[in-house]
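Structure first, then comments.
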């Protein structure tokens, strides 16, 4: 559900026409709907937090400070994967007691930073990382709370680049080795074994893979308890998908909770941690771009726009589908075309062989579902300043990130 809808022939973000935002702030432009974000966060809170669960927003999806501040005000925590994300989360007012730190490559400095801030726990990905955390905690005279990330070897049936729950990927520890790793962790002087973590991938559109992975993890928890290792937190990860195309119909948080919580309740004494990212912010954001030129070759039609793969990488990286709508509908009919950007790469496209409304130079197109992994994956490739970001709240709108300038491109260079 989102609040980007047509009123007559104009596409609105809540109570504001998107064309008006493009005129005021320029393009490319990221636009977020506050009401959509709040709707999604409240759906997760109702599904998981009313039974004592902890909601940790995945910052990698979108780390804008205004977005994080809004989530913090709703009581959300954070799922982070770097020291920079920890800094952003704390700056936005997220409580360190609701921050979990994942990622396969934590540095000693990042570990120390998180220990000093007293985060909820580290999601540990390997034996050597466990040794490093123990060592750093010892130097600080602290005990590091950890959950071991277990790889349940379950196929999430998603794109291989965003699949993480199978043995052939770099994430987590094999489930069959977990007893040994937990035994090692329990014997370490500066480690506090707090929980267990699973995360099998992103953009999952059915509950079954979540359930399959969870069943394996719950069996492991029972075996651990039989050996005297008591866990208090079960981090079920994130990964719930959103509807990018009409063919996709992913479950909502209530359905996910309905499929998982009955299994978890059968193993009492566990606080559930859930790490949504895309499913909160994905459909709450769009990317506005302006048509620069139209081009026709013997093979194809091209719509050349001012947003490129440096602004929205997902189509080029994953072949991801994003619906593209005109900010103002017309009666010119449609055409099949590639929507391409100005980047000097043949892989620079937002859509291929897509049937689109006919568009003229200077008109605005809206790339839907761009709130997650849009700006957060953007870059300065081809020395292009990154886009501005705007938050819409009813009939009001606010600039929440300035557009970069050419001077910003060389800031820090010596």
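Only one of these is farther than 22 Å from residue 208 by Cα and either free of Cβ contacts under 8 Å to residues at least 12 places away in the same chain or in the same structural domain as residue 193 (by TED's automatic domain parsing) (or both): 289, 297. Name it.
Within the list 289, 297, the selection yields 297.
Given the structure, is residue 48 under 20 Å from residue 252 (Cα atoms), in contact with a helix residue (DSSP H, G or I) (Cβ under 7 Å, 6 or more places away or on another chain) and either at pLDDT 95 or above or not assigned by TED's automatic domain parsing to the domain that holds residue 330 (or both)?
Working: under 20 Å from residue 252 (Cα atoms): yes; in contact with a helix residue (DSSP H, G or I) (Cβ under 7 Å, 6 or more places away or on another chain): yes; either at pLDDT 95 or above or not assigned by TED's automatic domain parsing to the domain that holds residue 330 (or both): yes.
Yes: the conditions hold for residue 48.
Under 6 Å between Cβ atoms, at least 6 apart or on separate chains: pull out the pairs that start in the stretch 333-344 with a residue that is within 12 Å of residue 357 (Cβ to Cβ) and end on any residue that is assigned to a loop (DSSP other than H, G, I, E, B) and modelled with pLDDT under 95.
Between residues of the stretch 333-344 that are within 12 Å of residue 357 (Cβ to Cβ) and residues that are assigned to a loop (DSSP other than H, G, I, E, B) and modelled with pLDDT under 95, the close pairs are 333/358; 335/358.
Which ones in the stretch 239-254 are within 24 Å of residue 102 (Cα to Cα) and touching a helix residue (DSSP H, G or I) at 6+ places or on another chain (Cβ under 6 Å)?
The answer is 240, 242, 253.
Residue-wise test of (1) out of contact with any helix residue (DSSP H, G or I) (no Cβ under 9 Å at 6 or more places or on another chain); (2) at pLDDT below 90; (3) surrounded by fewer than 23 Cβ atoms within 10 Å (Cβ to Cβ); (4) in a helix (DSSP H, G or I).
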| site | (1), (2), (3), (4) |
| --- | --- |
| 179 | no, yes, yes, yes |
| 220 | no, no, yes, yes |
| 225 | yes, no, yes, yes |
| 229 | no, no, yes, no |
| 237 | no, no, no, no |
| 256 | no, no, no, yes |
| 259 | no, no, yes, yes |
| 264 | no, no, yes, yes |
| 281 | no, no, no, yes |
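What's the total number of residues in the stretch 340-367 that are in a loop (DSSP other than H, G, I, E, B), in contact with a helix residue (DSSP H, G or I) (Cβ under 6 Å, 6 or more places away or on another chain) and buried (at least 18 other Cβ atoms within 10 Å of the Cβ)?
Residues meeting the conditions: 1.
Among the listed residues 299, 413, identify the single one that is surrounded by fewer than 22 Cβ atoms within 10 Å (Cβ to Cβ) and closer than 30 Å to residue 92 by Cα.
413
Collect the residues in the stretch 85-135 that are within 17 Å of residue 189 (Cβ to Cβ) and assigned to a strand (DSSP E or B), keeping them in residue-number order.
Result: 122, 124.
Among the residues of the stretch 1-24, write down those that are buried (at least 17 other Cβ atoms within 10 Å of the Cβ) and either within 17 Å of the chain's Cα centre (by Cα) or part of a loop (DSSP other than H, G, I, E, B) (or both).
Correct list: 2, 3, 14.
Evaluate the stretch 25-39: report whether one residue or more is at pLDDT 95 or above, assigned to a helix (DSSP H, G or I), buried (at least 24 other Cβ atoms within 10 Å of the Cβ) and outside the structural domain of residue 325 (by TED's automatic domain parsing).
So far as the stretch 25-39 goes, yes, one or more of its residues are at pLDDT 95 or above, assigned to a helix (DSSP H, G or I), buried (at least 24 other Cβ atoms within 10 Å of the Cβ) and outside the structural domain of residue 325 (by TED's automatic domain parsing).
Going by the conditions given, is residue 43 surrounded by fewer than 22 Cβ atoms within 10 Å (Cβ to Cβ), in contact with a helix residue (DSSP H, G or I) (Cβ under 7 Å, 6 or more places away or on another chain) and over 18 Å from residue 402 (Cα atoms)?
Numbers: surrounded by fewer than 22 Cβ atoms within 10 Å (Cβ to Cβ): yes; in contact with a helix residue (DSSP H, G or I) (Cβ under 7 Å, 6 or more places away or on another chain): yes; over 18 Å from residue 402 (Cα atoms): yes.
Against the criterion (surrounded by fewer than 22 Cβ atoms within 10 Å (Cβ to Cβ), in contact with a helix residue (DSSP H, G or I) (Cβ under 7 Å, 6 or more places away or on another chain) and over 18 Å from residue 402 (Cα atoms)), residue 43 qualifies.
Tell me, please, whether a residue that is more than 21 Å from residue 404 (Cα to Cα), modelled with pLDDT of 95 or more and part of a loop (DSSP other than H, G, I, E, B) can be found in the stretch 371-390.
The answer is no; no qualifying residue exists.
What single numbered condition from (1) surrounded by fewer than 21 Cβ atoms within 10 Å (Cβ to Cβ); (2) part of a helix (DSSP H, G or I); (3) modelled with pLDDT under 95; (4) over 20 Å from the mean Cα position of the chain (by Cα) fails to hold for residue 138?
Exception for residue 138: condition (3).
Test of understanding: among 370, 337, which residue is in contact with a helix residue (DSSP H, G or I) (Cβ under 9 Å, 6 or more places away or on another chain) and buried (at least 21 other Cβ atoms within 10 Å of the Cβ)? I'd like the intermediate steps shown before the answer.
Numbers: 337 fails: in contact with a helix residue (DSSP H, G or I) (Cβ under 9 Å, 6 or more places away or on another chain).
Step by step, each of 370, 337 is checked, and only 370 is in contact with a helix residue (DSSP H, G or I) (Cβ under 9 Å, 6 or more places away or on another chain) and buried (at least 21 other Cβ atoms within 10 Å of the Cβ).
Would you pick out the residues in the stretch 239-269 that are in contact (Cβ under 8 Å) with a residue 60 or more places away in the chain and within 30 Å of residue 187 (Cα to Cα)?
Of everything in the stretch 239-269, nothing turns out to be in contact (Cβ under 8 Å) with a residue 60 or more places away in the chain and within 30 Å of residue 187 (Cα to Cα).
Is it the case, given these coordinates, that residue 407 is surrounded by fewer than 18 Cβ atoms within 10 Å (Cβ to Cβ), at pLDDT 95 or above and under 24 Å from residue 284 (Cβ atoms)?
Considered against the rule, which asks whether it is surrounded by fewer than 18 Cβ atoms within 10 Å (Cβ to Cβ), at pLDDT 95 or above and under 24 Å from residue 284 (Cβ atoms), residue 407 comes out as no.
For residues that are surrounded by 21 or more Cβ atoms within 10 Å (Cβ to Cβ) and under 13 Å from residue 68 (Cα atoms), tally how many sit in the stretch 89-114.
Total meeting the criteria: 4.
Of everything in the stretch 312-331, what is closer than 13 Å to residue 366 by Cα and within 30 Å of the chain's Cα centre (by Cα)? Give them in sequence order.
Our first condition is that a residue be closer than 13 Å to residue 366 by Cα; within the stretch 312-331, this holds for 312, 322-329.
Matches in the stretch 312-331: 312, 322, 323, 324, 325, 326, 327, 328.
The values are calculated or read from the model by the stated rules, or taken from the named source; none is laboratory data. Since we're looking at a predicted model, the values are computed, not measured. Backbone-built Cβ (ideal geometry, glycine too); neighbour counts: all protein chains shown.
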